[in-house]
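Enquirer: Please see the structure below; I have some questions.
The values are calculated or read from the model by the stated rules, or taken from the named source; none is laboratory data. The model shown is predicted, which means the values in this text are computed figures rather than measured ones. Reconstructed Cβ throughout: ideal geometry from the backbone, glycine too, with neighbour counts over all protein chains shown. Only protein heavy atoms, including side chains, enter the accessible area calculation; ligands, DNA and RNA are left aside. Shrake-Rupley method; radii C 1.70, N 1.55, O 1.52, S 1.80 Å.
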Amino acid sequence: MPWAVGLMSGTSLDGIDAVLVEINGNAFTTKLQLHEFITWPIPEEIKLEIQDCFSIERSSVQLITSLNFKMGYLFAEAVKQVCNQARIPLTQLDFIASHGQTVFHIPTSFNRYTRSTLQLGEPAVIAYETRTQVVSNFRTMDMAAGGEGAPLVPYSEFLLYRSNRGRIIQNIGGIANATVIKADANLEDVIAFDTGPGNMIIDEMCKRYTGKSYDTDGQLATKGKVQPQLLDECMQHPFIRQPPPKSTGREMFGSEYVLSLLNQWRHLSIEDLLATMTMFTARSIVDNYKRFIFPTYSIQEVILGGGGAYNATLVKMIKQLLPNQQVLTQEDLGFSSAAKEAIAMVILANETLHGQPSNVIGATGAKRPVILGNITPVPF
């Protein structure tokens, strides 16, 4: 079976997920075995540069250009480390699948700005440093075909999780996104969309008040009380009620949004803030289900993945809000919540190398199925 590494650096900036797998076949014949998974840390100075790129005020062409290559070297190092940990030589790799680091995403045109997206992490650097072909830039062809370029993971989720039960696969990274797979679904039946914030607001507040990058197990949130007025204000955000297809990112729920909340609600304790923001994440997810999924689809199971699946308080809140569905985590089904998106990149790249489309038009709104990703060959 061919060997591959999948790379994912999400909006939460908690590190580069690198997964080493064997993969064989494609589409319905795909067989995949996970051998190693690591989260390679992003140095603090590079995190700050990424955050500056997110900011319209602090970003610059020089910064973006330089960071593109810095991230390429960092991704290449993550590949070397995951292979080293598994004691697999780089020469055994057949390909690398790199999502890159999203710094800005414009899903719909507005004013003078056209639909577009930008992920950093120069694939030529990764290919040169590892002597391995790289598949990257997965979002752009879908956008060229009229889609939003996100979410990307529904294709892999369809292959891995389709069953005779209606399921929602809920990823909770920096942003939360849902993939709806009805019982005995075909690919054209699948819909997916971003539901709103995942860990992004929780993490940002936690860093500002405690210096920690996240609320471990939701422990601080359990000590606070949900503030109804603040929760109601957050639930009025127009994205929550916007019908799919829809996608979002830091440009909508990042540091600027958090600062606007803190300016108004700074008198609250960090425990109350985190309790309320954790409930906001849970409520925004379930509100999207009630508006856009449950009226049409019969859903028996909700399967949680991503970093949010490790937040016990958030999981408990979601379960309380969904008394009629069984709420599971990816681990309950024998998969890894943490490795989910990096594995998805490998599956997408595998389809690219087989010349097969892998966007889900019910998720992105694209006009037609298209082959995703650019291939950077072995440099010599």
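Enquirer: Could you grab the pairs with beta carbons closer than 6 Å, sequence gap of 6+ or different chains, first residue in region 234-251 and in contact (Cβ under 8 Å) with a residue 12 or more places away in the chain, second one among the hydrophobic types (A, V, I, L, M, F, W, C) and part of a loop (DSSP other than H, G, I, E, B)?
Expert: Close Cβ pairs (under 6 Å, with a partner that is among the hydrophobic types (A, V, I, L, M, F, W, C) and part of a loop (DSSP other than H, G, I, E, B)) amount to Ser247/Ala150.
Enquirer: Out of all the residues in region 43-61, is one or more modelled with pLDDT of 95 or more, touching a helix residue (DSSP H, G or I) at 6+ places or on another chain (Cβ under 9 Å) and within 27 Å of Ser358 (Cα to Cα)?
Expert: Scanning region 43-61 turns up no residue that is modelled with pLDDT of 95 or more, touching a helix residue (DSSP H, G or I) at 6+ places or on another chain (Cβ under 9 Å) and within 27 Å of Ser358 (Cα to Cα).
Enquirer: Of all the residues that make up region 172-199, how many are more than 24 Å from Thr11 (Cβ to Cβ), in contact (Cβ under 8 Å) with a residue 40 or more places away in the chain and part of a loop (DSSP other than H, G, I, E, B)?
Expert: Of the residues in that region, 2 qualify.
Enquirer: Something else now. If I go through region 240-282 residue by residue, how many of them are aromatic (Phe, Trp, Tyr), closer than 24 Å to Arg58 by Cβ and open to solvent by less than 20 Å² (accessible area, probe 1.4 Å)? Give the steps one after another, and end with the answer.
Expert: Looking only at region 240-282, we keep the residues that are aromatic (Phe, Trp, Tyr), and these are 253, 257, 265, 280.
Keeping just the survivors that are closer than 24 Å to Arg58 by Cβ gives 253, 257.
From what's left, open to solvent by less than 20 Å² (accessible area, probe 1.4 Å): 253.
Number satisfying all stated conditions: 1.
Enquirer: Here is a follow-up. Somewhere in region 300-322, is a residue more than 29 Å from Leu220 (Cα to Cα) and surrounded by fewer than 21 Cβ atoms within 10 Å (Cβ to Cβ)?
Expert: Yes; the residues of region 300-322 include at least one that is more than 29 Å from Leu220 (Cα to Cα) and surrounded by fewer than 21 Cβ atoms within 10 Å (Cβ to Cβ).
Enquirer: To continue, here is another question. Under the condition of being within 18 Å of the chain's Cα centre (by Cα) and among the polar types (S, T, N, Q), which residue from region 164-187 is surrounded by the most Cβ atoms within 10 Å (Cβ to Cβ)?
Expert: Asn171
Enquirer: Under the condition of being surrounded by fewer than 22 Cβ atoms within 10 Å (Cβ to Cβ) and out of contact with any Pro (no Cβ under 8 Å at 6 or more places or on another chain), which residue from region 124-135 is farthest from Gly149 (Cα to Cα)? Walk me through it before giving the result.
Expert: Applying the first criterion (surrounded by fewer than 22 Cβ atoms within 10 Å (Cβ to Cβ)) to region 124-135 yields 124-125, 128-129, 131, 133.
Of the ones still in play, those that are also out of contact with any Pro (no Cβ under 8 Å at 6 or more places or on another chain) are 125, 129.
Details: Val125: 24, Glu129: 28 Å.
Per the stated criteria, the residue is Glu129.
Enquirer: Looking at Gly147, Gly100, which one is part of a loop (DSSP other than H, G, I, E, B) and among the small types (Gly, Ala, Ser)?
Expert: Gly147
Enquirer: If you don't mind, there's one more thing I want to ask. For region 301-321: of the residues being at pLDDT below 95 and in a helix (DSSP H, G or I), which is nearest to Thr195 (Cα to Cα)?
Expert: The residue in question is Gly308.
Enquirer: Out of everything in region 339-361 that is open to solvent by 30 Å² or more (accessible area, probe 1.4 Å) and in contact (Cβ under 8 Å) with a residue 40 or more places away in the chain, what residue ends up being farthest from Pro2 (Cα to Cα)? Outline the logic, then answer.
Expert: Going through region 339-361, the residues open to solvent by 30 Å² or more (accessible area, probe 1.4 Å) turn out to be 341, 353-357, 361.
Now restrict to residues that are in contact (Cβ under 8 Å) with a residue 40 or more places away in the chain: 341, 353-354, 356, 361.
Working: Glu341: 19, Leu353: 12, His354: 13, Gln356: 17, Ile361: 28 Å.
Among those that are open to solvent by 30 Å² or more (accessible area, probe 1.4 Å) and in contact (Cβ under 8 Å) with a residue 40 or more places away in the chain, it is Ile361.
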